[in-house]
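Take a look at the structure set out below.
Only the coordinates and a few stated rules stand behind these numbers; no lab work does. Predicted model only: the values in this text are computed from it and were never measured. Every residue, glycine as well, gets a Cβ built from its backbone with ideal geometry; the counts of neighbours run over all protein chains shown.
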Amino acid sequence: MEVRTVTEVPNLHQIRALEEALHKPEIRRSREAVEPLLAAGFVEFGASGKVYDRPTVIALLAQESGGDDGDLRTSNYVLTPISSDAVLLTYETEQSYGDCSMRRVLRSSVWKNDGIHWQMLFHQGTIKG
């Protein structure tokens, strides 16, 4: 994870790399790797409609099995500054599974700089109809 100062606005590549780290099984399943990526007050509104706090997300990710999670593709990334120390990242995911089913989700994340590095403060997934 890159160290950034608050006055330095990140580019799309930097925030996208942090976001996509959370898509990788070896990161997702490692408490030590996930904790620095999620801010202390992190909240997620899941595509399922459930609301998750930071401790719950970290615990759930650490328990993920090595099963077939399908092929995840991402697209349409847009980075929008929302304050001097926060940005909004929006994008879409498409996940296909072995049974030929497909799930498309609109995603948004707020990344905040704590003065040392960028951390995800909020994430939402909305199933695309």
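Among beta bridges from DSSP that stay inside segment 12-127, the antiparallel ones total about 90%.
Estimated from helices alone, the mean residue ellipticity of the chain at 222 nm is -5000 deg cm²/dmol (sum of -39500 (n - 2.57) over DSSP H runs with n ≥ 4, per residue). Given the options Lys50, Lys112, Lys24, which has the most mean-square fluctuation in a GNM of the chain, springs set between C-alpha atoms less than 10 angstrom apart? Checking each option, the largest mean-square fluctuation is seen for Lys50. Modelled spin-label separation between Glu35 and Val51, with each label point placed 7 Å from Cα along the Cα-to-Cβ direction: 2.6 nm. Charging the Cβ of each Asp and Glu at -1 and of each Lys and Arg at +1, and nothing else, the dipole of the chain about its Cα centre rounds to 260 debye.
Relative to the longest principal axis of the Cα atoms of the chain, the long axis of helix 12-21 lies at roughly 50 degrees.
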